[in-house]
Structure formats: C-alpha cells, structure tokens
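Computed from the coordinates by the stated procedures, all read-outs in this text should not be read as laboratory data. Model, not experiment: these values are computed from the prediction. Reconstructed Cβ throughout: ideal geometry from the backbone, glycine too, with neighbour counts over all protein chains shown.
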Ligand SMILES: [Ca+2]
Ligand SMILES: [Ca+2]
C-alpha cells in the first residue's frame, strides 16, 4: 500500500493550541522542528532512538474543513487524529503531569525539563541539568521523570538520566510551590548504576498504584546482551526494579520494600522482574493498575509484556533466552513469561510503549493500550477482549519519530515526536 495515501487517510494534523477544534481549517504548516543529527553511538546497536533518516513532519492538508459545524442531533462517531500542541523542542523523549491540569512537563534529551502551561511552551525550563547530563549517544540523556505521589505536599520529583560518564543516575529534586521550577542544586542521588555500553539504558521511571517507584533498566547495551546481565540476579541491568522512595533523602535515598519478590540469595533486593532487554517505556493503567512493559527487540521481534494488577512480581520476561516468543540464546530451566504481543520487522524496528487510554475524547479507545514504533511511526491499540484474547489494531500511521507517549491529569494522551514536537491525540468527527 502506498505510504502517502495511508498517511493522508489516517492522520490529520490540526492547528496549534488546545482550543482549536480539529475540524477547523488546519492550513497552518507545521513548523519544521529542530532535528539534530544524533551522534554516532560507537556501539554495535542502538535501537530505541536510532535515526534512520531525517524525514520532516509534513502538514497534511485539512480534511474537508467545513465552515459550519453539522447539527449535533446524534453523537458523531469520532476518529483518532493528532493535533500539534507545541514544537521547537530539542529531542523530546517524554511527557508527564504532576496533578495540575494546566501543566505538562516535557523531557528534552540533552537535559532540560520544559513546561507547557495551558498549551503554551514556557521559555523558562522547569529544570536544566545540561551541566551534568551526558547525551552523546542516541540512547543517553535525560530519559525519565516521575512526580512523587505526594508531590502536592513534598514537592519531590525524580529523574532518570545518564551522566557524563554514561552511567545511570536516578535522582530526586525539589520543585517550587507553583510547580514551574525545580532547584538543580537540590539534587540528591537515589541510585547509580554503572553502564557498560552506551546503549540500552532503559529510561522509564514511574510510581505504581502501590506508591513504589518502578525503574525499567536495560541490559546495559551492546547487542545480544553479551555478558548475560538480564538473567543475572546479582545485576540491576535488564530488570524491572522496585524501590520505596516515600521518605527519600540524601542520607536515606531509598528503602527495599519488604514484599519485593525473592530471586535467591545472590540477588539484588531491588529486583521486581527480570529478563528485559531495553524496557524504554512502561506504564500502569491508571484505572486497573495493570502494568504494560514494551521491551525493544534485538533482531526480530518487538514485545509488549503484561503484568496484571496485584501481581507479586518475580516474572522472568525471557531475554536473552528468548526474543519475543522465539528462542534467542540458551535454554531456560524455569518458566518464562512470554509477551502478550509481538511484531516483526515488517511492522517496525523499535517499540515505544504508551498508555492505556482512560480519557474521554475517544470513547472507542477507552481501555485500549496505545503504543507505537519509532521507526515506522505507526500507533496501535492493543486490547484484551472478553474472551481473553488480545487484539491489535492500527490507530494511526504517521511520519513521526515516536520517542514516547504521555498522559495528562485527565487521562488524555500525547505523542512525542523526537524531531521536536508534542501532539495531542484527539477525536475528530468523521
Ligand atoms: Ca548502557
Ligand atoms: Ca521477552
């Protein structure tokens, strides 16, 4: 099928600003975002944020812009579309909220957290860590953010970045009462993890419904996990970690939750699940607490993994014994948790995990897990039917470099284009 025709049929790029209805004329060209060539990683592989080429975001002609809205006799069916929210960002890789519906926070990979207030990108960053963030390689930089569950009182926010040596740092910061800035000098280190290679540094950090901080760690890098970190219980690499930062301070950065699973005498107590390759993005369903982990594949398969709410942890998601459902290296002596979905190179090359949609703008997608592919630009919805079978469908085909998804306080979703823009997923009348 012709790519362009699919694109025009599936994607509408609407005007700037949340107040502009998607059916309004959208002739405004999308500003070509700043898209810096990424430095060569110097590593055998570097999947999640690899640039294949430098396509530009193209403004799609407005779809039959009508001057007069149709009479609202019956609810119109809505189809998903993307509305440009802000552009001009430097390699954005994440978006989060802290409970205030007027504020969104965007991660710029070189080391800044930017603020979008009421749909406008503020000039002054929330936090500028470019003096300590190392972002020379594709998968390095400021990668994750999580506001404390008690942020309204504690003002604590946690960030995940690679430092000038390329090692992972999870650190806490204190924000101002208005939520518009945080003090770079307030940093305290929660956890530091040596990184043997420039790629596969994970990225996501998120609080679970249990109030614990979950950290998705990549296998350290190179290709094929040459030192077998993901299956090594004595290493924090290639794992999902779970720590308690509810009383985090410089002198007592974190505690081990007493109900973390037991991976044996030699295991690190921070482990929650093992056998992950590069869980760049994971999320909890805000309604059910189910956990979705998108694990970037090696050569053949991109994975979506699922952990039901109430799980006690302890899963082994298989890497490097398996890639997707297939054997990769070695044999397993224990049960492995297969993904609920995988796709191969005909669909894309680097999965970007998203969120279960719990907003109100697109009722048809309510309860579906939305995710995408960095290389292909496709956005899918994965949902389990009442018969227990997971079904996957295309939501949109785009030309975006989808580095991440984000969720606002109301549960509406955003798509982050690594080339410099944030889009809001909206419902457009058909
Ligand atoms: Ca690494
Ligand atoms: Ca797996």
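Just a few scattered comments:
- Index of the failed condition, residue 425 passing every other in (1) surrounded by fewer than 22 Cβ atoms within 10 Å (Cβ to Cβ); (2) in contact with a helix residue (DSSP H, G or I) (Cβ under 9 Å, 6 or more places away or on another chain); (3) not in a loop (DSSP other than H, G, I, E, B): (1)
- Sole exception among (1) in contact with a strand residue (DSSP E or B) (Cβ under 9 Å, 6 or more places away or on another chain); (2) more than 28 Å from residue 100 (Cα to Cα); (3) surrounded by fewer than 22 Cβ atoms within 10 Å (Cβ to Cβ); (4) in contact (Cβ under 8 Å) with a residue 40 or more places away in the chain for residue 201, by number: (3)
- If you go through segment 128-146 and keep only what is within 16 Å of ligand 1 (Cβ to nearest atom) and in a strand (DSSP E or B), you end up with 133, 142, 143, 144.
- Residues that are under 14 Å from residue 224 (Cα atoms) and either within 16 Å of ligand 1 (Cβ to nearest atom) or in a loop (DSSP other than H, G, I, E, B) (or both) within segment 305-323 comprise 318, 319, 320, 321, listed in sequence order.
- Any hit, segment 240-252, residues being under 29 Å from residue 402 (Cα atoms) and crowded, with 24+ Cβ neighbours inside 10 Å: yes
- In the set 125, 149, only one residue is away from ligand 1 (no atom under 16 Å from the Cβ), part of a loop (DSSP other than H, G, I, E, B) and either without any contact (Cβ under 8 Å) to a residue 12 or more places away in the chain or more than 28 Å from residue 287 (Cα to Cα) (or both); that residue is 125.
- Extreme residue, farthest from ligand 2 (Cβ to nearest atom), among residues of segment 161-194 that are closer than 17 Å to residue 270 by Cα and touching a residue at least 40 places away in the same chain (Cβ under 8 Å): 189
- Residue selected from segment 208-230 under the condition in contact with a strand residue (DSSP E or B) (Cβ under 7 Å, 6 or more places away or on another chain) and buried (at least 19 other Cβ atoms within 10 Å of the Cβ), by the criterion nearest to residue 326 (Cα to Cα): 230
- Residue among 331, 326, 302 that is in contact with a strand residue (DSSP E or B) (Cβ under 6 Å, 6 or more places away or on another chain) and either more than 16 Å from ligand 1 (Cβ to nearest atom) or closer than 27 Å to residue 394 by Cα (or both): 302
- If you go through segment 349-385 and pick out every residue that is at negative phi and outside any strand (DSSP E or B), you end up with 17.
Every residue, every condition in (1) farther than 30 Å from residue 226 by Cβ; (2) surrounded by fewer than 17 Cβ atoms within 10 Å (Cβ to Cβ); (3) away from ligand 2 (no atom under 16 Å from the Cβ), yes or no:
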{"position": "338", "(1), (2), (3)": "no, yes, no"}
{"position": "349", "(1), (2), (3)": "no, no, yes"}
{"position": "368", "(1), (2), (3)": "yes, no, yes"}
{"position": "372", "(1), (2), (3)": "no, no, yes"}
{"position": "382", "(1), (2), (3)": "yes, no, no"}
{"position": "401", "(1), (2), (3)": "no, no, yes"}
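- Condition check for residue 370: touching a residue at least 24 places away in the same chain (Cβ under 8 Å) and touching a helix residue (DSSP H, G or I) at 6+ places or on another chain (Cβ under 9 Å): no
- Residue within segment 325-336 that is over 20 Å from residue 372 (Cβ atoms), crowded, with 19+ Cβ neighbours inside 10 Å and either away from ligand 2 (no atom under 13 Å from the Cβ) or free of Cβ contacts under 8 Å to residues at least 60 places away in the same chain (or both) present: no
- Across segment 169-179, not a single residue is classified as under 27 Å from residue 250 (Cβ atoms), buried (at least 24 other Cβ atoms within 10 Å of the Cβ) and within 14 Å of ligand 1 (Cβ to nearest atom).
- Contact map, segment 261-284: first residue within 9 Å of residue 314 (Cβ to Cβ), second residue part of a loop (DSSP other than H, G, I, E, B) and within 16 Å of ligand 1 (Cβ to nearest atom), Cβ cut-off under 8 Å, separation 6 or more or different chains; pairs are 271/236; 274/230; 274/238.
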